[in-house]
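**Q** I have a structure here, written as structure tokens, and I will follow up with some questions on it.
The values are calculated or read from the model by the stated rules, or taken from the named source; none is laboratory data. These figures come from a predicted structure and were not determined experimentally. Neighbour counts are summed over all protein chains in view; Cβ atoms, including those assigned to glycine, are modelled from backbone coordinates with ideal geometry. Heavy atoms of the whole protein, side chains included, go into the accessibility calculation; ligands, DNA and RNA do not. Shrake-Rupley method; radii C 1.70, N 1.55, O 1.52, S 1.80 Å.
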Amino acid sequence: MVSSFLVRLVSVAVLFVATAGPGQARAYTLEACAWAGTSIAYTDQSGAYAGTTERAVADWNGVRGSPVRLYAANGAALTFQARNFGRSGYDGITVMSCDGAGHFVHVTSSYNTYYADRYGSAARESLFGHEIGHALGLAHTGALPCPVPIMYHGSDRYFSCGEVGPQPDDVAGVQAVVHRVQGR
Amino acid sequence: MAAGSAALALCARPAPVATERIVTTDARPAAGVAELTAESDLVVRGVATGRRRSERVAGVPFVVTEVRVTRVLAGPAVDMVWVRQVGGPGVETPDAPVLVAGHGYLLYLQRFAYGPGDRPSGQYVTTGGGAGVVAA
């Protein structure tokens, strides 16, 4: 009787760890707004940062389980840029406008080059992977200690934890965004 | 008649209003009060006045708010500072709410500049983003 209970308890624990991973309990949080479809066009105006932007886009397009696909196009409602916003305290900024039906009208995700110019390639990729997450409808989430999702709010996601691309929780978040949009 | 009323009601329905929201990523999250203080050029208590100006940089709205200083806790003596924040009228900024006129704050501040050799702007930003603003 007791051994049967223990077997079930261990099974549940193993299932939980296999599903969530160590320290990876569900954490994603969604913005109130999202794109209407799963193919999302963007216009890249990030100039000297274009290579990093391409890698960050490839990280999202290549991650297992992601239901969305980003593609480059002129005049898209989603814009990526790299600008010097000065010592604002922020290395990335995403501005979103949302219509009354919960759909994005325009989104602009930016590197702040005041900080990003001092970052290495992987740190910039982590930063922009995070901004793309916002552009896909994800809000900040997670807390130290490591590991953290790419949607963790601070740059120590890379500098302390080494996270460069989207994590399983981030993908689950985008799946939830798409599920919500398709349910409307 | 009913169809006419329905059509009128449809026309009268206000068009969806686009709302703007800004999310920001901390370049260097502060771990606590000691770190916030160490990284700040100025720590003050003060009250936001009604004076503010707004500007857009590459599509990103910023607002610069005057704060009347009531007490300097660290840094040079000042009786007024201009605090620069992401945001503006009607813009949601969940990570670092914009200062509200008449409200008191404890502010951890860094001098704002566009680059290391930049001429001082006289503006400050909050240290660690939203962490550098405490309602008092």
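**Q** At a 10 angstrom cut-off on C-beta neighbours, averaged per residue, how do the peptides A:162-173, A:95-106, A:58-69 rank from highest to lowest?
**A** On the way: A:162-173: 21.7, A:95-106: 16.9, A:58-69: 14.8.
Final packing ranking: A:162-173, A:95-106, A:58-69.
**Q** Can you give the Kirkwood hydrodynamic radius of chain A from its Cα pairs, in Å with one decimal? Numbers along the way, then the final one.
**A** Values: mean 1/r = 0.0580 Å⁻¹.
Taking the inverse mean of 1/r over all distinct Cα pairs, chain A comes out at 17.3 Å.
**Q** Dipole of the protein assembly as shown, Cα-centred, from +1 at each Lys and Arg C-beta and -1 at each Asp and Glu C-beta, to the nearest 20 debye?
**A** Dipole of the protein assembly as shown, to the nearest 20 debye: 480 debye.
**Q** Starting from the Kirkwood radius over alpha-carbon pairs of the protein assembly as shown, derive D by Stokes-Einstein at 25 °C in a medium of 0.890 mPa s and give it in µm² s⁻¹.
**A** Estimated via Stokes-Einstein, D reaches 115 µm²/s.
**Q** Sticking with this one: Looking only at other chains, what is the average number of their beta-carbon atoms within 10 angstrom of each beta-carbon in B:109-117?
**A** Other-chain Cβ atoms within 10 Å of each residue's Cβ, averaged: 3.
**Q** Within 10 Å of each Cβ in B:26-33, how many Cβ atoms from other chains are there, averaged over the peptide?
**A** 6
**Q** If amide H atoms are built 1.01 Å from N in the plane of the peptide, which residues on other chains or at least 5 residues away come under 5 Å of the amide H of A:T29?
**A** So A:T29 has HN proximity to A:A139.
**Q** Oh, and also: Would you pull out the residues with amide H under 5 Å of A:T79's amide H, same chain only if 5 or more places away, H placed 1.01 Å from N?
**A** Amide H to amide H, under 5 Å and 5 or more residues apart or across chains, A:T79 pairs with A:T43, A:V107, A:T108, A:S109.
**Q** Also, quick follow-up: Treating only the Cβ of Lys, Arg, Asp and Glu as charged (+1, +1, -1, -1), what charge dipole size does chain B show about its Cα centre? Round to the nearest 20 debye. Present the calculation step by step, with values, prior to reporting the outcome.
**A** Values: 13 positive and 11 negative charges, 75 e Å.
Charge dipole, chain B, about its Cα centre: 360 debye, nearest 20.
**Q** For the stretch A:38-48, in order, what is each residue's ³J(HN,Hα) by Karplus, 6.51 cos²θ - 1.76 cosθ + 1.60 with θ = phi - 60°, in whole Hz (x at glycine and Pro)?
**A** 9, 9, 10, 7, 9, 10, 8, 10, 8, x, 5
**Q** Can you give the net charge of the other residues whose Cβ lies under 12 Å from the Cβ of B:G104, counting K and R as +1 and D and E as -1?
**A** +3
**Q** Roughly how large is the A-B contact in terms of buried accessible area, totalled over both chains, probe 1.4 Å, nearest 100 Å²?
**A** It comes to approximately 2600 Å² buried between A and B.
**Q** 222 nm [θ] for the protein assembly as shown, helices only, -39500 (n - 2.57) per DSSP H run of 4+, per residue, to 500?
**A** Values: 8 runs with 87 residues, N = 320.
My calculation for the protein assembly as shown gives -8000 deg cm²/dmol from helical runs alone.
**Q** Per the 1.4 Å probe, what fraction of the accessible area of chain B, in percent, lies on carbon and sulfur atoms?
**A** Solvent-exposed carbon and sulfur of chain B make up 59 percent of the total.
**Q** I'd like to compare A:123-133, A:75-85, B:55-65: which one has the highest average count of other Cβ atoms within 10 Å, and what's the full order after that?
**A** A:123-133, A:75-85, B:55-65
**Q** Provide the net charge surrounding A:A123, with neighbours chosen by a C-beta distance below 14 Å and charges set as Lys +1, Arg +1, Asp -1, Glu -1.
**A** Around A:A123, the surrounding residues sum to -3.
**Q** Moving on to the next point. Averaged per residue, what accessible surface does the stretch B:32-135 expose to a 1.4 Å probe, in Å²?
**A** 46 Å²
**Q** Shape verdict for the stretch B:32-135, please, from the Cα gyration tensor: rounded (a/c under 1.5), prolate (a/b greater than b/c) or oblate.
**A** rounded
**Q** Let me ask something else. Under the definition of partner shielding as Cβ atoms of other protein chains within 10 Å of a residue Cβ, what is the mean value for peptide A:94-104?
**A** 5
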